[in-house]
Each structure stands twice: as structure tokens, then as C-alpha cells.
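Before any comments, here is the structure.
The values are calculated or read from the model by the stated rules, or taken from the named source; none is laboratory data. Please read these numbers as outputs of a predicted model, since none were measured by experiment. Methodologically, a virtual Cβ is constructed for each residue, glycine included, from the backbone with ideal geometry; neighbour enumeration extends over all protein chains shown. Keep in mind that these areas ignore ligands, DNA and RNA; they rest on the heavy atoms of the full protein, side chains included. Shrake-Rupley method; radii C 1.70, N 1.55, O 1.52, S 1.80 Å.
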Amino acid sequence: MDIINILPDSVANQIAAGEVVDRPAGAVKEMLENAMDAGATQIDLVVKDAGRTLIQVTDNGCGMSDSDARLCFERHATSKIQRADDLFAIHTMGFRGEALASIAAIAQVELRTRQTDSELGTQVLIEGSHIVDQHPTSCPSGTTIAVKNLFYNVPARRNFLKRDSIELAHIEEVFRRVTLIHYDIGFTFTSNGQLLYELHPGSLMQRIAGLFGPLYKERLYAVDEETEIVKIHGFVSRPEYSRKTRGEQYLFVNGRFIKHPALSSAVEKAYNDLLPERSYPSYFIGLQVDPSRIDVNIHPTKTEVKFVDDHSLFAILRSAVKKAIGQFALATELGFDTPPEFNIGPAPKGYTPPQPKISYKAGYNPFTASGSQVRMPLEPTVGRAPEAEQAATLELPDPQPQPEERQQGACLLLQDRYVATPLSSGLAVIDRYRALERIFYDRLQSTTQGGAAPQTLLFPVSCHLSAADAELLGELKGELKRYGFELEPGSGNTYVATAMPTELGNSDLQELLDQLLLDYKSSVMQRYSNRSESLCASLARQMASAAMRSPLTTEEAQRLIADLFACPMADTTPTGKRTIAIVKPEEILK
Ligand code: ADP
Ligand code: MG
């Protein structure tokens, strides 16, 4: 009995669609790329409900003939390559002829297109791979493709989509990746009737400013290099504007966004020691190489690329970035056109420099902290076997470890970070940072205490966000008010803070909100499903960082111990890291 069937095209296309279009952002990418391949100089993207109900791209490119307007929805229908050889000289974004076939298999698509030299255009309606209607129409030259109700016939995929703010964030990222490097093309992006971006044709720098905010103009150094194998044009962030996340790192090859760990590390290596610990440079770098020296075909969504000249590219890129940072850093430091501000000449004759003074407090005993003697209850504890023994062998005694009553407040401070205090089960070493995380978290969570105390800012501060982040912040701002923030949307995608929680000290608002939104997005996708938990966890971490900036005093250490042990789950941070390690008496005796 024969059991093999050939799948109907509509089914095959639907399966293929899973690879090309896994979410609205995938369709957006393909449609923008098609418009660029058609030679458009102006491209307008409109989405509704984060692409769920509508994704529409209008371009002023070459348009399609009546029959091409039908054919373009067939699988392997492409005007961009004809022979296998063409694969080695690709100058277009697309070439597989799968995108429109895939999209048409899982949506209701309306295409209107006219070639410049035709009087009338054509309109095609296609649903689930079936052409429903085609008729002549009058329309501007170029193409408009409207994709409606994506995944209408694939409920499993539709249900898999995330909340609108997250899907919109994906679309926005695609939009940045496409538009950044095509700065000679004008783009607009409208979401739910609101114009989010209006990008005019111009330079790369203007495009970066259009996408990330005008402040970037002062934060970047230009990278330019031309060799036989590669031409580099781009910008990298000044070291002092590095970020705590790898977010803004854009690398392009021949107009295509790529991910290439080796080349990315070439950029990061160029900074050497210029970056603070755990911070990353932002960069926007375009490479031009001979298309025959790359293979873009190894990955279906084509963000991975293989280069023939991997090693030389690495070296050239690193040295180009180095040069940019080195040269410009020097130029600003020395202020070439302004005279040095001070000039220390040789010391005048007969001058003896004063001896540096060392001051010390007579009678200071480092083991006596504000009068309370540090003594470890070694003997009593060991003597108190067997329960004490038992407690000492546990990682953490149950119930909650409590500082020995008679030594309440006794503590040793280490490196501004650790506080040691005696417990009946041994010496507790508390990680200040993690303990603060726990304390602030519990405080934020407790509604009775009213969370953090707001502090009205003398001068409101503003920050610039991506459109999706601005929308997300709009959703969260009510909740954040409870934690002491007063945030109002400003013009563009800016937000203005008029009050912040006191506990955040003078933290930088931009950095703070960037981190908060980043933590929120990633925690919503992973660990926490609960909005307030993930917001509190992120805020608590940032409050802890702010508090860590001041040196640790004995009084603070004592308060820290008391506050920590007052928390019901004192032994871990909100994300499950240990706050306390107990050094058992036996270990000390050893
Ligand atoms: P590919 O881009 O890989 O060729 P697609 O499925 O994305 O495959 O598109 C199929 C074909 O439809 C393209 O090769 C092109 O000829 C035509 N096409 C698609 N979009 C446009 C557009 N916006 N303007 C003109 N032609 C287009
Ligand atoms: Mg295409």
C-alpha cells in the first residue's frame, strides 16, 4: 500500500512559513526588504495591534506587472536570481522567493501595485494561499502590501504570540536593523495611528540620531577605514557612554544586519581597559565586502554570515576601532585647539615639599567596633551539643538565624561589602549587596509601608526611550508611582521624572529606566510572571547598587543585620542567591 502524499502547496507554504515568519516582526522584515529590493526611496510601515491585525508596507519602488502580482505569491518565485551562480553575487536582500508565499499562507493579504510606465495598477487579494480576487485599480506607482490577521488560520501560532508591547518591541528592533544601515532611504513607522519614527534620507549619524535620540551625536566616535578587502563606515560609543547591557550593538555587512561573535569581540577588544567592569560599548558599524567573499546562505533568517577573510577582517576592524577611540580620546583630552589649563613647572629654588601627614586615632582597636567587643561564641556553641552541633552542620539553621542576643550589633566589616557577625551556629558572613537587595525588595513589596519614599526632584530629569519601551513604561508607570516615581511622557519617546524613590540616591534616570525595562522584559519572559515581583526585584537591585556607593559604617552594618534578619526570607535574594554564608565553629577551629 502506498502511503506517501505530496502535500498541497497551501500546506507546504504554511509549514515553510514557520521558518520565515515566526512572529509579526518576521513579516515586517521581509516586507521592508522587498521594498528596498524594489529600489524604493521612501518606505512607510504601518502596524495595528503590534502587527496582529495589520502590517502594511507602502513603497515607491518599481512595482509589479499584472502577472507578477499573482506570481510573487508562488513558492520559489523570485526576480532576483536565475542561476545557482547568482548565489555568489547577491546584491539584494531577498533571493529565496519564499517570503510572500509564506506570508500569504498564513494571513489575508491585499496587494496593490503599479509599475511607473503602466497607466493602471492591479489589486490582488489572497487568503491562505488562495487568490480570492484580482482586478485593475488606479493607485500610485510602487507597491502597497497589507497583511491582515496574521496566523488567522494557525491558532497555535497566534496563541503563542506575546503581549503587544513585546511583539511591538520585536518589530521595532527589526525596523532599527533595517533602517539604520539604509540611511539613504526615507522611512516612517506608525503604530496604532501614532507616528513613532519619521526618518529622512541622510547620513549614518543622522539616522542613528533619528532612531536613538539626538544625544547620540555627542556620544560617538566615527570609525572609517578602507582596505582592499573591506570598507568600514560606522560609529562606536565613547568609553564613558558604555552601557550595562549589550543592547545597542549593530553590525552590518553589505547592508544586511548580521550577528558575528568574532567581529563583535573585535570591537569590544579594541576598547581594552577603557571600559568600566561589566559594561559594553554601543556600536553601529557597516562593512562593505565583495559579495563573492561572503556566504549569507547558511541560515534561513540570514543573520549569520561566513567570511572568506575572517582573520584579516577581525584585525582590520579592531585596529580601525582602536584608532577611532585612541585618536579621538586623545584629541578631546588634550583639547588640541585650547591651551592646557595649567602648567606645572619645576619647583622654585630652595623649596622643600612638605612631608605627607599620616593621621591615626590613638588607642583605636579594629576589633572593637563602636564599643561592642567582637567575640565569637565558639565555646558555648560547641559545648551546647547536640542540637547546636546539628544546627552547625546545616547550611542555615532553622528557624531563622538570629544574632546572639548578648552580642547584638557586634560586627566586623570587610572591604565595604561583607559584614561578619556571630550567630549561635557560627560566624555569619553577610553579603551587603545581596542583603540590601532582599531588604529593599521586601520593603517595596510591603504595601502597608507604602513602598519607597518619593523624593521630589529639584530639576525634573528626562530620558529618551525606544518607542516600544516608552509604550511599556506607559503601562508600568501607574505601578511605579507606588514605588516613588512620578513619570510623565514628554515629546517624542521621552519620559520626564519629577520624583524618584529616595533610596535610588542620585542614580542616572536613563540608566535606571533602561535597566528596569530590560529586567522587566527578560523576567516577564523567564522567571517571573508577576509584574510587581519583577519590577520590585529590579528596583531593589538598583537601590542596592545606589546604597553600595557609600562606604560601609559600623552603624550601617548593624542596621543591615537587623533589617536583614527582620525579613521572612533573609537567607536569599529575591532571585534566589544566598545572602549569608555561615562559617561553622569547627571550620574556624581548624
Ligand atoms: P524574494 O525577495 O526572495 O525574491 P519574496 O517572496 O520576498 O522573494 O518576493 C517574491 C518576488 O516578488 C520578488 O522577487 C519581487 O520580484 C516581487 N516583489 C515582492 N515585493 C515587492 C515590492 N514591494 N515591489 C516590487 N516587487 C516585489
Ligand atoms: Mg523578499
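Screening the stretch 191-287 for strands (runs of 3 or more DSSP E) wholly inside it with 1 or more residues that are within 22 Å of residue 169 (Cα to Cα) returns the ranges 194-199, 249-253, 256-258.
One line per residue, one yes/no per condition, for (1) under 26 Å from residue 194 (Cα atoms); (2) at pLDDT below 85; (3) of a type in the set (Asp, Glu); (4) open to solvent by 20 Å² or more (accessible area, probe 1.4 Å):
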position	(1), (2), (3), (4)
406	no, yes, no, yes
432	no, no, no, no
438	no, no, no, no
475	yes, no, yes, yes
513	yes, no, no, no
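Inspect all residues belonging to the stretch 71-78 and state whether any of them is open to solvent by 30 Å² or more (accessible area, probe 1.4 Å), within 14 Å of ligand 2 (Cβ to nearest atom), among the polar types (S, T, N, Q) and assigned to a loop (DSSP other than H, G, I, E, B). Yes, the conditions are met somewhere in the stretch 71-78.
Can you pull out every residue in the stretch 1-31 that is over 21 Å from residue 77 (Cα atoms) and open to solvent by 70 Å² or more (accessible area, probe 1.4 Å)?
If the condition is that a residue be over 21 Å from residue 77 (Cα atoms) and open to solvent by 70 Å² or more (accessible area, probe 1.4 Å), then 1, 2, 3, 4, 5 are the ones that fit.
Just one of the listed residues (83, 96) is open to solvent by 40 Å² or more (accessible area, probe 1.4 Å), within 16 Å of ligand 2 (Cβ to nearest atom), over 14 Å from residue 38 (Cβ atoms) and not β-branched (Val, Ile, Thr), namely 96.
For the stretch 86-145, the set of residues classified as among the small types (Gly, Ala, Ser) and either within 30 Å of residue 292 (Cα to Cα) or within 12 Å of ligand 1 (Cβ to nearest atom) (or both) consists of 89, 94, 97, 99, 101, 102, 104, 105, 121, 141, 142, listed by residue number.
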